[in-house]
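The values are calculated or read from the model by the stated rules, or taken from the named source; none is laboratory data. The structure presented is a predicted model; accordingly, all values stated were derived computationally and were not measured. Cβ coordinates were reconstructed from backbone atoms using ideal geometry, including for glycine residues, and neighbour counts include every protein chain displayed. Side chains included, ligands, DNA and RNA excluded: accessible areas come from the protein's heavy atoms. Shrake-Rupley method; radii C 1.70, N 1.55, O 1.52, S 1.80 Å.
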Amino acid sequence: MNILEMENLGVTFTTDTGDVPAVRDVSLYVRPGETLALVGESGSGKSTVALATMGLLPGNARASGRVTVDGTDVVAAGEAELARLRGRTASMVFQEPATALDPLTRIGRQTAEVVRNHRPVSRAQAAREAVELLRRVGIPEPERRASAFPFQLSGGQRQRVVIAMAIANSPGLLIADEPTTALDVTVQADILDLLRKSAVDSGTGVLLVTHNMGVVADFADRVAVMLRGEVVETGPVEEVLLRPAHEYTQRLLAAVPRLRLSGEGPPPRAVEDAPVVQLRDVCVQFGRGRRAVRALDGVSLAVHPGETVGLVGESGSGKSTAARVALGLVPPDDGSVSLFGTDLSRAGGRARRALLAGVGVVLQDPVASLDARMSVAECVAEPLRMHRRGMSAAERRERVAEVLELVRLPRELMRRGPRELSGGQRQRVSLARALVLRPRLLVADEPTSALDVSVQRTVLEVIADLQRELGFACLFVSHDLAVVQEFAQRVVVMRAGHVEEQGPTMGTLLRPETEYTRRLIAAVPVPDPVVQRRRRTADRTGADA
């Protein structure tokens, strides 16, 4: 018996401008112990299918057809029946961990609550199970980190907590909506191994929603490709990825960035000019006493005019903290930070505001960084209202429309709210807001993590074109080494709060000096299931030896 059966699922959203069909006649199934990957561009309907499977569609959505999970018809079920289903029979890993976790509750308690909601265990037993779950998903020092709040964890660590909560009760069906988006390649490999082991050992069926074809090749048994709300191709993973029949699937695969192991990359730029931003021996510590965490330890790096520096490393390595130090959002406990030649610690009030007007920022989580109460136009125009007070409302609106077109979004989206957009569309709105002031420095923290491969390439091309036109510098934080290799002239590799190595991108990635960098490169998945299977076999053989 299939754990999930979907027949002719249709989903229509009611909006101010009329009905919008998001999903049309989708029929799928997932067997116990197998993984079906649902792929397609942002806005293709992937996440809507996942939400419909859990009965989590918003109030303005109408579902038709049949979705059966372990014998329960989700479309026809009442809320009480759905509450019993969720978390026990079916569980979900959401795309954005910041919105899935309660910011005011410690992560150990949140994880323990999931256990107690579905099983009659004591608080003490649930707490012990929570710590063990955090250990299983790779949270360092889980006994201590169980008392942390979500904001005290990196984006990748928060995603691991969400995964721990999803597998807490060994569900029959696990719906994973971009489960590795925020994870570096080594932790991504560990998480996929964990999910794979859960599927095999517990017979859990997995519906994997992703735009990462390397993850599909590494993890999926079958693939369904969606385009504009419809399934256009489905079949075994080797058949679809190696011999795609539909033109759209062929286009998706052609756009996948691949880590090159030979050849030339973007040449390093001359560095005679003074750095746009520079960190010198920066140290940052969060917390005090026994719970203190050394986030940065003697970090030095610089970004010069017109160049892109890629900042890479595992989740929790300090990448995002270093970016926030560069922005003046996190003051260093030791060392110094200069922005456009000015020491940030000595700039205050109006002078500091003038400095920061020259910086555009794209944060990792678009939902957390965009105000849900504002329209898209208001979100993008916010920097203009703060720093260009002489502009009229008409001028602001025209500038917003121009920058939305630059990131390949239509003007029609200006009236919508952020929550009416797909994850990839929200990330492009964040990018548009960062570019609206034509900055001298762009700090991009995982700017393409939520984007499908074709849109990712478009956005990177837009950033590169604008960089050539405007000459801004870019500090590019990412766990995607293939994207960094293609986009950055220099790379800084971070580990456990310090700089492991840095240098020209191609030289560093082709001839790494440290074992840690070599391990990062070896863990990058490729969109070829045969290669990924060979890698897993080699890893198991090496582990057994």
Scope the stretch 208-225; condition part of a helix (DSSP H, G or I) and out of contact with any Lys or Arg (no Cβ under 7 Å at 6 or more places or on another chain); matching residues: Met213, Gly214, Val215, Val216, Ala217, Asp218
Residue pairs, Cβ under 6 Å, 6 or more apart or interchain, first in the stretch 348-376 and touching a residue at least 60 places away in the same chain (Cβ under 8 Å) and among the hydroxyl-bearing types (Ser, Thr, Tyr), second crowded, with 22+ Cβ neighbours inside 10 Å and in a helix (DSSP H, G or I). List them. Ser369/Ser430
Considering only the stretch 298-319, state which residues are surrounded by fewer than 20 Cβ atoms within 10 Å (Cβ to Cβ) and at pLDDT below 95. Pro305, Gly306
Quickly run through the stretch 43-56 and pick out the residues that are surrounded by fewer than 23 Cβ atoms within 10 Å (Cβ to Cβ), modelled with pLDDT of 90 or more and out of contact with any Leu (no Cβ under 7 Å at 6 or more places or on another chain). Met54, Leu56
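Results for (1) assigned to a helix (DSSP H, G or I); (2) surrounded by fewer than 15 Cβ atoms within 10 Å (Cβ to Cβ); (3) without any contact (Cβ under 8 Å) to a residue 40 or more places away in the chain, shown as yes or no for each residue.
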position	(1), (2), (3)
Val114	yes, no, no
Ala124	yes, yes, yes
Glu129	yes, no, yes
Ile139	no, no, yes
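Yes/no matrix, rows are residues, columns are (1) hydroxyl-bearing (Ser, Thr, Tyr); (2) open to solvent by 10 Å² or more (accessible area, probe 1.4 Å); (3) at pLDDT below 95:
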| position | (1), (2), (3) |
| --- | --- |
| Ala182 | no, yes, yes |
| Asp193 | no, yes, yes |
| Arg196 | no, yes, yes |
| Val216 | no, no, yes |
| Glu230 | no, yes, no |
| Ala245 | no, yes, no |
| Ala254 | no, yes, yes |
| Arg258 | no, yes, yes |
Could we say that Val67 is assigned to a strand (DSSP E or B), β-branched (Val, Ile, Thr) and free of Cβ contacts under 8 Å to residues at least 24 places away in the same chain here? no
I need the full set of residues from the stretch 386-436 which are touching a residue at least 12 places away in the same chain (Cβ under 8 Å), part of a loop (DSSP other than H, G, I, E, B) and surrounded by fewer than 19 Cβ atoms within 10 Å (Cβ to Cβ), in order please. Arg388, Arg408, Arg416, Gly417
Enumerate the strands (runs of 3 or more DSSP E) found wholly within the stretch 444-545, keeping only those where 3 or more residues are within 30 Å of Val403 (Cβ to Cβ) and not polar (S, T, N, Q). 473-477, 490-495
Among the residues in the stretch 91-100, are any free of Cβ contacts under 8 Å to residues at least 40 places away in the same chain and acidic (Asp, Glu)? no
Listed residues Gly78, Gly65, Gly108, Gly59; which is surrounded by fewer than 21 Cβ atoms within 10 Å (Cβ to Cβ) and at pLDDT 95 or above? Gly65
Which residue out of Val455, Val483, Val462 is aliphatic (A, V, I, L, M), out of contact with any Cys (no Cβ under 7 Å at 6 or more places or on another chain) and surrounded by fewer than 20 Cβ atoms within 10 Å (Cβ to Cβ)? Val462
In this structure, does Thr505 turn out to be modelled with pLDDT under 85 and either open to solvent by 20 Å² or more (accessible area, probe 1.4 Å) or of a type in the set (S, T, N, Q) (or both)? no
Out of Leu227, Leu253, sole residue that is touching a Phe, Trp or Tyr at 6+ places or on another chain (Cβ under 9 Å) and aliphatic (A, V, I, L, M): Leu227
Of all residues making up the stretch 355-393, the number that are touching a Phe, Trp or Tyr at 6+ places or on another chain (Cβ under 9 Å) and more than 20 Å from Val407 (Cα to Cα): 1
Mind listing whichever residues of the stretch 29-42 are over 19 Å from Gly87 (Cα atoms), buried (at least 20 other Cβ atoms within 10 Å of the Cβ) and touching a strand residue (DSSP E or B) at 6+ places or on another chain (Cβ under 9 Å)? Leu36, Ala37, Leu38, Val39, Gly40, Glu41
Across the stretch 276-296, the tally of residues that are over 22 Å from Pro142 (Cα atoms), open to solvent by 30 Å² or more (accessible area, probe 1.4 Å) and not basic (Lys, Arg) stands at 2
Mind counting the residues in the stretch 467-480 that are touching a strand residue (DSSP E or B) at 6+ places or on another chain (Cβ under 9 Å), open to solvent by 10 Å² or more (accessible area, probe 1.4 Å) and over 30 Å from Glu247 (Cβ atoms)? 2
Quick check, is Ser449 closer than 22 Å to Leu327 by Cβ and touching a residue at least 24 places away in the same chain (Cβ under 8 Å)? yes
Assuming Ala98 fulfils every condition listed in (1) at positive phi; (2) small (Gly, Ala, Ser); (3) open to solvent by less than 50 Å² (accessible area, probe 1.4 Å) apart from one, which condition is it? (1)
Looking at the stretch 147-172 only, could you name the residues that are open to solvent by 20 Å² or more (accessible area, probe 1.4 Å) and either touching an Asp or Glu at 6+ places or on another chain (Cβ under 6 Å) or among the aliphatic types (A, V, I, L, M) (or both)? Met165, Gly172
